[in-house]
Amino acid sequence: MKSYEALNRAISRQTVEHARRLHVSTSLVHKWQEPSTDFTDSGAYNPLDRIETIIETALSLGVKPEDALAPIYYLAERFGQIVIPVPAIETSVTSVSAELLKTIQEFGDLASEASKALQDGKITWQEHDRINREAWELIRQVAVFLRRVEGAVKK
């Protein structure tokens, strides 16, 4: 999907209302929903293109990927979603074994944080945050494990 297609889907024929809430012209919002690959296109560099440029620039400057991708993580968290990086498919059974061990470790980390939090019969916000962080890490790790399994399937 292209950035202008994503915005087109999100704006969903509500250009005027989106322009009003963003305090920009309706023509600009229309242009965001059109291609802008070269001088013959009528589209405009849109907010998604800008975020993409920020991330690419950060990565090229050596910023750690988890920090460079912070805008994506922020938006995902803000709207109750999770981001799961898609690892490259590896075809070795050894990589599946290694990922299984990491997955078990992540589950252990989650169980440990939950166990500590439950010892006094109540959960504080700090404990909630640690449990939540470990749980999402486990979910991400399970996705990585499944991707490795997929790569190891004999075809």
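The values are calculated or read from the model by the stated rules, or taken from the named source; none is laboratory data. This structure is a prediction, so every number in the text was calculated from the model and none was measured. Neighbour counts run over all protein chains shown; Cβ positions are idealised from the backbone, glycine included.
Within region 125-155, if we keep just the residues that are over 19 Å from the mean Cα position of the chain (by Cα) and closer than 19 Å to A111 by Cα, the residue that is surrounded by the fewest Cβ atoms within 10 Å (Cβ to Cβ) turns out to be W125.
Please find, among L75, L110, L59, the residue that is outside the structural domain of S3 (by TED's automatic domain parsing) and surrounded by fewer than 13 Cβ atoms within 10 Å (Cβ to Cβ).
Values: L110 fails: surrounded by fewer than 13 Cβ atoms within 10 Å (Cβ to Cβ); L59 fails: surrounded by fewer than 13 Cβ atoms within 10 Å (Cβ to Cβ).
The match here is L75.
Filtering region 27-37 for residues that are more than 21 Å from L75 (Cβ to Cβ), at pLDDT below 95, surrounded by fewer than 12 Cβ atoms within 10 Å (Cβ to Cβ) and acidic (D, E) leaves an empty set. Among the residues here, V63 qualifies as at negative phi and part of a loop (DSSP other than H, G, I, E, B).
Looking only at region 66-98, which residues are in a helix (DSSP H, G or I) and not small (G, A, S)? Spell out the reasoning first.
In the first step, residues of region 66-98 are kept if they are in a helix (DSSP H, G or I); the result is 66-68, 70-78, 93-98.
Within region 66-98, E66, D67, P71, I72, Y73, Y74, L75, E77, R78, V93, T94, V96 meet the criteria.
Out of V86, V96, V63, one residue alone is within 30 Å of S3 (Cα to Cα) and in contact (Cβ under 8 Å) with a residue 40 or more places away in the chain. It is V86.
Which residue out of A111, A44, A68, A58 is touching an Asp or Glu at 6+ places or on another chain (Cβ under 9 Å), more than 30 Å from D129 (Cβ to Cβ) and without any contact (Cβ under 8 Å) to a residue 24 or more places away in the chain?
Details: A111 fails: more than 30 Å from D129 (Cβ to Cβ); A68 fails: more than 30 Å from D129 (Cβ to Cβ); A58 fails: more than 30 Å from D129 (Cβ to Cβ).
Sole residue among the options that is touching an Asp or Glu at 6+ places or on another chain (Cβ under 9 Å), more than 30 Å from D129 (Cβ to Cβ) and without any contact (Cβ under 8 Å) to a residue 24 or more places away in the chain: A44.
Of the residues that make up region 133-150, is at least one free of Cβ contacts under 8 Å to residues at least 24 places away in the same chain, assigned to a helix (DSSP H, G or I) and farther than 25 Å from E56 by Cα? Looking through region 133-150, at least one residue is free of Cβ contacts under 8 Å to residues at least 24 places away in the same chain, assigned to a helix (DSSP H, G or I) and farther than 25 Å from E56 by Cα.
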